[in-house]
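The values are calculated or read from the model by the stated rules, or taken from the named source; none is laboratory data. Bear in mind that the values here come from a model prediction, so they are computed numbers and not experimental data. Cβ: placed from backbone, ideal geometry, glycine included. Neighbour counts: every protein chain shown. The area values use the complete protein model at the heavy-atom level, side chains included, leaving out ligands, DNA and RNA. Shrake-Rupley method; radii C 1.70, N 1.55, O 1.52, S 1.80 Å.
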Amino acid sequence: MYKILLVEDMDLIRRNILEMIDWESCGCQVIAQARNGEQGLLAYEQAPADIVITDIKMPVMDGLTMIRQIKQLNPQAQFILLTAYEEFDYAKQAISMGIHSYLLKHELDPSVLLAELKKLCQAIETKENYYFLNKSDLLRRHLNEGIPLEDSCLPLYPWSGWTALILLENRDLCAPDSAPAFRRLVHNLRKSLPKEQYTGYSLSQSLCMFLIKTASSSRTIAADPAFNCF
């Protein structure tokens, strides 16, 4: 289910968009609404959305300013701009920022909105598949070839000290109970580790990666308390 943030200062337009299509039928869910860019940015920080549908001209903070700040948080975020003819110069600015999805408000109807959503959802799925496949390969190289984490393009937290990379893989895929058992294992590990001490990525149903912040200042990190749960 793709998460949608809707940012529009006019209540009537916002309600019309919400009622325009069956969101769940196209694999989407509107998780938050906002009346201006400032509220939209706060909503995104609290619950990041896959797609942000936003007006351009709004009070307090306009849509372009909000987009710039969201893109700093997540360069992969997708946007659909709602614009009018007289605002087309703003849309051209958005295009220069790499955002090509914009809809004219007076032409907005269910088929137009649905087509744009499907296009963006497909783009997100394609990027995610490519990213996870390449990230999985990169993690294997870190483990098997000893490539330093500092040379990685992985989104690492700016931790000081030592960080351990742990890749968990379920290789017993033929066993009928292996997938649920693997999920339980990952869930229990996440519950056991303090949230400020690790970040985790589910790469697939059978592959999961943990980055563990260690308290040790030496390379012998296996005795670190964070590893007790493993």
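Yes/no per residue for (1) in a loop (DSSP other than H, G, I, E, B); (2) surrounded by 11 or more Cβ atoms within 10 Å (Cβ to Cβ); (3) modelled with pLDDT of 75 or more:
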position: Ala179; (1), (2), (3): no, yes, yes
position: Arg183; (1), (2), (3): no, yes, yes
position: Leu203; (1), (2), (3): no, yes, no
position: Ser218; (1), (2), (3): yes, no, no
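Among (1) surrounded by fewer than 14 Cβ atoms within 10 Å (Cβ to Cβ); (2) closer than 30 Å to Asp22 by Cβ; (3) at pLDDT 80 or above; (4) of a type in the set (S, T, N, Q), where does Ser192 come up short?
The failed condition is (2).
Report whether or not Ala115 is among the small types (Gly, Ala, Ser), open to solvent by 50 Å² or more (accessible area, probe 1.4 Å) and at pLDDT 75 or above.
Against the criterion (among the small types (Gly, Ala, Ser), open to solvent by 50 Å² or more (accessible area, probe 1.4 Å) and at pLDDT 75 or above), Ala115 qualifies.
Could you tell me whether any residue of the range 118-128 is crowded, with 16+ Cβ neighbours inside 10 Å and among the acidic types (Asp, Glu)?
no
How about the range 1-108: which strands (runs of 3 or more DSSP E) wholly inside it have at least 2 residues that are open to solvent by 60 Å² or more (accessible area, probe 1.4 Å) and closer than 23 Å to Ile124 by Cα?
28-34
May I ask you to verify whether Ile21 is under 17 Å from Ala84 (Cα atoms) and aliphatic (A, V, I, L, M)?
no
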